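Undergrad: Below are the structure tokens for one structure; questions will follow.
The values are calculated or read from the model by the stated rules, or taken from the named source; none is laboratory data. Since we're looking at a predicted model, the values are computed, not measured. Every residue, glycine as well, gets a Cβ built from its backbone with ideal geometry; the counts of neighbours run over all protein chains shown.
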Amino acid sequence: MLVIPAIDLERGRSRVVFWPGVASGVGAPTDRPDRIAEHFVGLGAPLVHLIDFDGARAGSPGNLETIGAVAARIATPIQVAGGVDTADGIRLAFAAGATRVVCGLALADDPTALRGCLGVAGDWLAVGLDARPDRLAAFRWRRPHAPSLPELAGELVGAGVARLVLAHGGGAAELEALAGLRGSLDVELLVAGGVRDLDGIRRLRDAGVDGIILGEALLSGAIDYPAAREAAA
């Protein structure tokens, strides 16, 4: 299972200040996303996940220069979420240096927009879903009834989506749902959130998840990256 570091971008900086030497008191803290990404790539990160908070609010990428700075510093795939729910937004992110994008739940309810985004990104497009039934039910669907997670995931895979990113609260029911998707669909499953320790990583690994996206837990030092990779192996 991949362990993917995530960096929250706001106004060109990381929302969480990272101090790689906090345990030993060496080094210096930084909020520069390019330096944070470089650190984790140096530890073996196979992919860096960037969340564009400004882009999510505006509906189009808001940290293109920062994405470009990260791309210029690392020779590792970059996955961007936030502001990339349209074909034009994806094009801008790719032009800046992104190699993958994660679109929001609204795209799952708009077949026309989904086809347009798939036409630009193809297999490099992921759709973000929530494994919690109450969150899915609370979304304002255009269709008469809220779909279940298996129904929605199957619909997206049938439309050509090769990757899903599922928000995860860490509960047993969600782990069961993830394992069910793994057993029924030919799709790459990434999970974001819900992990606070190495045992949580091992549970996702055992459920058959392909990758775990970790943000503040890594940047704060709550989870050590090399230990996380070992737990995911």
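Undergrad: Output the residues belonging to the stretch 120-176 that are within 16 Å of the chain's Cα centre (by Cα), at pLDDT 90 or above and part of a loop (DSSP other than H, G, I, E, B).
TA: If the condition is that a residue be within 16 Å of the chain's Cα centre (by Cα), at pLDDT 90 or above and part of a loop (DSSP other than H, G, I, E, B), then VAL161, ALA162 are the ones that fit.
Undergrad: Does at least one position in the stretch 126-140 carry a residue that is of a type in the set (Lys, Arg), in contact (Cβ under 8 Å) with a residue 12 or more places away in the chain, over 30 Å from ARG32 (Cα atoms) and out of contact with any Asp or Glu (no Cβ under 7 Å at 6 or more places or on another chain)?
TA: Checked against the condition, which is being of a type in the set (Lys, Arg), in contact (Cβ under 8 Å) with a residue 12 or more places away in the chain, over 30 Å from ARG32 (Cα atoms) and out of contact with any Asp or Glu (no Cβ under 7 Å at 6 or more places or on another chain), the stretch 126-140 yields at least one hit.
Undergrad: Sticking with this structure for a sec: How many of the residues in the stretch 148-161 are without any contact (Cβ under 8 Å) to a residue 12 or more places away in the chain and closer than 14 Å to LEU107 by Cα?
TA: 0
Undergrad: Among the helices (runs of 4 or more DSSP H) lying completely within the stretch 14-103, list those that include at least 2 residues that are surrounded by fewer than 22 Cβ atoms within 10 Å (Cβ to Cβ) and hydrophobic (A, V, I, L, M, F, W, C).
TA: 53-58, 64-73, 87-96
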